[in-house]
Amino acid sequence: MADRVTVIGWDGSPLTATATSALTAATLVAGAAHHLALPEVPPGAERIRLGSIDLAARRIAGHRGTAVVLADGDPGFFGVVRTLRAPEHGLEVEVVPAVSSVATAFARAGMPWDDAQIVVAHPRTLRRAVNVCRVHPKVAVLTSPGAGPSELALLLEGVHRTFVICEELGTDREQVSVLTSDKAADHVWRDPNVVIVIGGSGVRPAPTAAWIAGREAGHPVGVRGWALPTDSYGGELPPRAAADGGRGGSALEDALSRAEGESEEVRALQLARIGPRVGDLVWDVGSGSGAFAVDAARLGAAVIAVDAEADACARTDAAGRRAAVQLQVVHGRAPHVLERLPEPDVVRVGGGGAAVVSACADRRPERIVAHAFTRDEAEAIGAALSAGGYTVECALLQSVRLDPGDWEERERTVVFLLSGRAPDRAP
């Protein structure tokens, strides 16, 4: 095992005396090409180009001498320190930090960043990073080859954002570009780079003293809780004259089904069944009042709300703005409109019946939840989920709202709730 391992962060500034002392005494130096070209690297030291950090860690663990690892920015922030300290390598390290590339990028942009979300984009995590950019108004993306500004922009198609792209920070080739996301895909960007993704709609709370990183101060809706009554989101669900997506049945039946599917008790269980979380993309098909879409976004998920009626889309958009959450609202009739949407992680079907559920199942989300007003429709939805390879659960929900003054019944909700879980997807 190496006698001593020092990890040195490099932000383009001259090395500190501590860093210089450790580097000049090193018998093994690991880093990127521009690190290994530093004049302080001893000519006789063994040099390792950092590709796989795990492979480099094994080489360092077997080295007899003094090792130094050079890394851009702060090596303890999404950096090499975590891998080097992993139990399988058994390395004890000393760290000489530097200014992180994220801090430098926000400094170049002249913006505070205590309220920013920070994500790492690799080809395997790019989609989840994009979903964070969909829902949060300020995100710093640490990119990688194959998951850079162009790929981010392509996956954000239809969502307007501003990109601040910081290339090769700390070097004499440093460049900062500001452009809209629809323009970023047309350029070739140099690695490494950090992308600050900002923008979106919604009324933000008045600036206050921040106390927690990565979050906005204040409560966006103005009240505590989720799955609240529809009027808490600033809207109401009017009766509907026709079924979504060719559901069939009478206008009265459809209005009753939609209203019962939008009740706070049903929405609460729908949210519990699909569990929207940060990095997820939620489809809310048949968004109605927008209350479910707002709840899912407040839990950190990106949301695409779909409805066949223009007034429902307007209500959903208004609910999102009032709650200061980012929603992408798509006007169109399911299932046809779903073909051009990006892949979902979880889906709530608020209208459209078995035909829409079947179309959603074809896209293989991890969870699907839907409701039905009649047993026949519930059986059809359950059959559609089963045919799609989902494990199906069904519950008949009845809730009775009482007047606490005289305990008389004010409202009764009876609805079938069906949920499907894809067995081939991680929980």
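Out of all the residues in segment 77-91, which are part of a loop (DSSP other than H, G, I, E, B) and free of Cβ contacts under 8 Å to residues at least 60 places away in the same chain?
Passing the criteria: F77, R85, A86, P87, E88, H89.
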Can you work out which of the residues in segment 413-424 that are of a type outside the set (A, V, I, L, M) and surrounded by 12 or more Cβ atoms within 10 Å (Cβ to Cβ) is nearest to the chain's Cα centre (by Cα)?
R421
Pairs where the first residue, in segment 300-316, is open to solvent by 10 Å² or more (accessible area, probe 1.4 Å) and the second is among the small types (G, A, S), C-beta under 6 Å, 6+ apart:
R315/G235; R315/S289; R315/G290
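Please tell me if A324 is touching a residue at least 60 places away in the same chain (Cβ under 8 Å), closer than 26 Å to L299 by Cβ, assigned to a loop (DSSP other than H, G, I, E, B) and in contact with a helix residue (DSSP H, G or I) (Cβ under 7 Å, 6 or more places away or on another chain).
In short, no.
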Among residues belonging to segment 185-217 that are among the small types (G, A, S) and over 21 Å from the mean Cα position of the chain (by Cα), point out the one that is modelled with the highest pLDDT.
A210
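Against the condition among the acidic types (D, E) and under 23 Å from L327 (Cβ atoms), how does D172 come out, does it pass?
Details: among the acidic types (D, E): yes; under 23 Å from L327 (Cβ atoms): no.
When the stated conditions are applied, D172 does not pass them.
Let's see how each residue does on (1) within 17 Å of C166 (Cβ to Cβ); (2) buried (at least 21 other Cβ atoms within 10 Å of the Cβ); (3) under 34 Å from the mean Cα position of the chain (by Cα):
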{"site": "I48", "(1), (2), (3)": "no, no, no"}
{"site": "A57", "(1), (2), (3)": "no, yes, yes"}
{"site": "H63", "(1), (2), (3)": "no, no, no"}
{"site": "T66", "(1), (2), (3)": "no, no, no"}
{"site": "G73", "(1), (2), (3)": "yes, yes, yes"}
{"site": "V95", "(1), (2), (3)": "no, no, yes"}
{"site": "S100", "(1), (2), (3)": "yes, yes, yes"}
Tell me which of these A107 doesn't satisfy, since it passes every other one: (1) open to solvent by less than 20 Å² (accessible area, probe 1.4 Å); (2) assigned to a helix (DSSP H, G or I); (3) among the small types (G, A, S).
(1)
Of everything in segment 3-57, what is touching a strand residue (DSSP E or B) at 6+ places or on another chain (Cβ under 6 Å) and hydroxyl-bearing (S, T, Y)? Give them in sequence order.
T6, T18, T27
Can you tell me which of E94, E46 is in contact with a Lys or Arg (Cβ under 9 Å, 6 or more places away or on another chain) and either free of Cβ contacts under 8 Å to residues at least 24 places away in the same chain or aromatic (F, W, Y) (or both)?
E46
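Being at pLDDT below 80, of a type outside the set (K, R) and surrounded by 13 or more Cβ atoms within 10 Å (Cβ to Cβ) narrows it down to one of D231, D254, D182, so name that one. Step through it out loud before you land on a result.
Numbers: D231 fails: surrounded by 13 or more Cβ atoms within 10 Å (Cβ to Cβ); D182 fails: at pLDDT below 80.
The match here is D254.
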Of all residues in segment 116-160, which are open to solvent by 50 Å² or more (accessible area, probe 1.4 Å) and either of a type outside the set (G, A, S) or at pLDDT 95 or above (or both)?
H122, P123, R124, R127, R128, P145, E151, L154, L155, E157, H160
Can you go through P365, P404 and tell me which one is part of a loop (DSSP other than H, G, I, E, B) and either among the β-branched types (V, I, T) or surrounded by 15 or more Cβ atoms within 10 Å (Cβ to Cβ) (or both)?
P365
I'd like to know if segment 5-28 contains one or more residues that are closer than 25 Å to A121 by Cβ and open to solvent by 70 Å² or more (accessible area, probe 1.4 Å).
no
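The values are calculated or read from the model by the stated rules, or taken from the named source; none is laboratory data. Here the structure is a predicted model, which means the values were calculated and not measured. Cβ coordinates were reconstructed from backbone atoms using ideal geometry, including for glycine residues, and neighbour counts include every protein chain displayed. Just so you know, the surface numbers come from the protein's heavy atoms only, side chains and all, with ligands and any DNA or RNA stripped out. Shrake-Rupley method; radii C 1.70, N 1.55, O 1.52, S 1.80 Å.
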